[in-house]
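Chemist: What follows is a structure written as structure tokens; I'll ask about it next.
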Amino acid sequence: MAKRPCPSSAENPMLPSFFSQMDNLLLSFLSLSDSSPPVSLDLSFDRLLESAPSDADQSLLIDRAHNLGSLLLRAANRSARKRASLHNSIAWALPPDLTIKVFSMLDSQSLCYAAATCSMFNKCAMDPLCYANIDLTTVVPKVNNAVVSTMIQRAGKSFRSLKLGIVPGPTSSPGSCQPLVYSIRNSVDVSSFSWNDKKTRQGKESSILTRSCLYPLSGDNGAAGTLLRRLHLYNIERMDNASLCVALAACPSLLDLEIVGLHVELRQTLMSVSSNCHLIERLFFESSKTGRDDSLKSPTCVDLVNNCPNISYLSLRGFKLHDYKVRILVKGFRKLKYADFSTSYSISGTFLRNLGSGFGGNLLEVLILRDCMHLKEVEVARFLTAVLAGDFKFLRYLDISNREGLASEGDWYQRSYNSSIIPLKQVLEVRPNICLLAEFPSEGCYIDIDHMFDSDVNSEISLPSQLSSHTSDGSLLMSSSESSYNSDQGSGNEEYQVSGFVIYEESSDEVDFLVV
């Protein structure tokens, strides 16, 4: 669209004199002394109104005074901004390209603050590079779908990363099992409200981001989603399986996916990842309802292993995972270095057998099994014995802590708080480079599990086979040839063959077998 040409003095010779008169008039008005009483200006305006012949003329004078006052105020504000921007451009040491580079390193909220500072910063903050990594996570809900859409549009072809939702507090360390699921009890900004006020506030504000907040990823033929490399979603209460799967289908180049506290099913989500995100390297998924999601099936695990071979970081926290499913994942991902199955309800530890040698699991650097309710002390002992024997050469971090103690050999209701068969000291002596966390409560602090889980959950427990040989002092005897780590013997919930991942009789609602 062509700009309207400014009128020149050659076209209208009367303009210079008009501008001169206007400048002189404005100068005279602004030259009034500040010390003169304001009542004189009021009396002058009253006299002008009295000299008007009619009431309509008086109203017209008042309107013109309002309009001229507003115009003068806007002109003063505009000139002040221009002077401030000129001053900033002189005083600011960085050129625009470096300023944009600095702004691109800011989080989205800080970027918005910088954009509101002055027109120079605002212009730099509108560059698409500043929106390549969009971070709209907050402690309390205050971001809506329109904000997400606007920022994705501003990013354009520079779009690479998107973080949305409610994060309850500071990001936990890599080895921590601090839950990221948002709740009233771990919110840090609503402490001044009563309990009822908190519930009302959370219910209203958590609906600001809805299931359609990810629609811009799939809009315009998925142009934005194609560019996305990192997607982190936290505690978006209205998100559902269908909306999430549509978004993932538009992200074929996704490398990093983190999902926390969403009411979505593990099986459907992993199926969508397996079908659409073949380049993914990092997968972090924390359940919103610990121990209740039992949707994952073995064929889904096999498909994920086959279709996403680049995964080196896998974290599935708070799901009801059986050992044979976990084993498919850990053995199948040949590049896996980080594995976190914290607070997984059904893991007993049998999946650890024979991981340190052969394919899969031998590259593990971090293994976190914190607060796995069924984790057995005999399986932990076998695993650490394998470490002493030279397996898991790359292991640098191991967390087997449990706030309820480890499950004993015969009955998981009997908890072990200070096991004598787990060679902790020996491992630390032989492998001093390993950071080994084994934090257990003192004996007698165990909470009755009957009050923590429903009876239908307890009825589905499947215990693995037990060890039979112990010395008189309670230590575990095991050599590398005698250890079950050198054979793929089955356990109570582990009916499979490792080679080729042939699955037999997993459950009544699954396929009888699956051959890869």
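The values are calculated or read from the model by the stated rules, or taken from the named source; none is laboratory data. Predicted model, so just to flag it, every value in this text is computed and none were measured. Reconstructed Cβ throughout: ideal geometry from the backbone, glycine too, with neighbour counts over all protein chains shown. Just the protein is used for accessible areas: all its heavy atoms, side chains included, with ligands, DNA and RNA removed. Shrake-Rupley method; radii C 1.70, N 1.55, O 1.52, S 1.80 Å.
Chemist: From Arg370, Arg415, grab the single residue that is among the basic types (Lys, Arg) and under 19 Å from Ser315 (Cα atoms).
Modeler: Unique residue meeting the criteria: Arg370.
Chemist: Further question on the same structure: When the residues of segment 396-422 are narrowed to those that are part of a loop (DSSP other than H, G, I, E, B) and touching a Lys or Arg at 6+ places or on another chain (Cβ under 8 Å), which ends up modelled with the lowest pLDDT?
Modeler: Checking each candidate, the answer is Trp412.
Chemist: So which residues in segment 257-286 are touching a Lys or Arg at 6+ places or on another chain (Cβ under 7 Å) and touching a residue at least 40 places away in the same chain (Cβ under 8 Å), if there are any at all?
Modeler: Listed by number, the list holds a single entry, Glu286.
Residue-wise test of (1) more than 24 Å from Arg415 (Cα to Cα); (2) part of a helix (DSSP H, G or I); (3) not assigned by the TED database to the domain that holds His263.
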{"position": "Lys325", "(1), (2), (3)": "yes, yes, no"}
{"position": "Lys331", "(1), (2), (3)": "yes, yes, no"}
{"position": "Tyr345", "(1), (2), (3)": "no, no, no"}
{"position": "Gly361", "(1), (2), (3)": "yes, no, no"}
{"position": "Phe394", "(1), (2), (3)": "yes, no, no"}
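Chemist: If you go through segment 244-256, how many residues are crowded, with 21+ Cβ neighbours inside 10 Å and not in a loop (DSSP other than H, G, I, E, B)?
Modeler: 3
Chemist: Asp46 versus (1) assigned to a loop (DSSP other than H, G, I, E, B); (2) of a type in the set (Asp, Glu); (3) modelled with pLDDT of 70 or more: which is the lone unmet condition?
Modeler: In the conditions (1) assigned to a loop (DSSP other than H, G, I, E, B); (2) of a type in the set (Asp, Glu); (3) modelled with pLDDT of 70 or more, Asp46 misses (1) alone.
Chemist: Can you tell me which residues in segment 112-149 are part of a helix (DSSP H, G or I) and either under 19 Å from the mean Cα position of the chain (by Cα) or of a type in the set (Phe, Trp, Tyr) (or both)?
Modeler: Selection gives Tyr113, Phe121, Tyr131, Asn145, Val147, Val148, Ser149.
Chemist: Out of curiosity, is His66 modelled with pLDDT under 80 and assigned to a helix (DSSP H, G or I)?
Modeler: Taking the combined requirement at face value, the residue does not satisfy it.
Chemist: Can you report the number of residues in segment 321-352 which are at pLDDT 90 or above, among the polar types (S, T, N, Q) and open to solvent by 10 Å² or more (accessible area, probe 1.4 Å)?
Modeler: Residues flagged as at pLDDT 90 or above, among the polar types (S, T, N, Q) and open to solvent by 10 Å² or more (accessible area, probe 1.4 Å) within segment 321-352 amount to 1.
Let's see how each residue does on (1) at pLDDT below 55; (2) open to solvent by 70 Å² or more (accessible area, probe 1.4 Å):
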{"residue": "Lys157", "(1), (2)": "no, yes"}
{"residue": "Lys163", "(1), (2)": "no, no"}
{"residue": "Val167", "(1), (2)": "no, no"}
{"residue": "Ser183", "(1), (2)": "yes, no"}
{"residue": "Ser187", "(1), (2)": "yes, no"}
{"residue": "Val190", "(1), (2)": "yes, no"}
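Chemist: Give me the pairs: first residue in segment 420-436 and farther than 17 Å from Leu367 by Cα, second residue in a loop (DSSP other than H, G, I, E, B) and among the charged types (D, E, K, R), beta-carbon distance under 9 Å, and six or more apart or on different chains, which are they?
Modeler: Going by the 9 Å Cβ cut-off, the qualifying pairs are Ser420/Asp473; Ile421/Glu409.
Chemist: Determine, yes or no, whether Thr385 is under 21 Å from Phe285 (Cβ atoms), of a type in the set (Ser, Thr, Tyr) and not in a strand (DSSP E or B).
Modeler: Against the criterion (under 21 Å from Phe285 (Cβ atoms), of a type in the set (Ser, Thr, Tyr) and not in a strand (DSSP E or B)), Thr385 does not qualify.
Chemist: Does segment 202-233 hold any residues that are in a helix (DSSP H, G or I), modelled with pLDDT under 80 and within 21 Å of Asp135 (Cβ to Cβ), and which are they?
Modeler: Listed by number, the list holds a single entry, Glu205.
Chemist: Could you grab me the full set of residues in segment 17-31 that are open to solvent by 100 Å² or more (accessible area, probe 1.4 Å) and at pLDDT 70 or above?
Modeler: Listed by number, the residues that qualify are Gln21, Leu25, Leu27, Phe29, Leu30.
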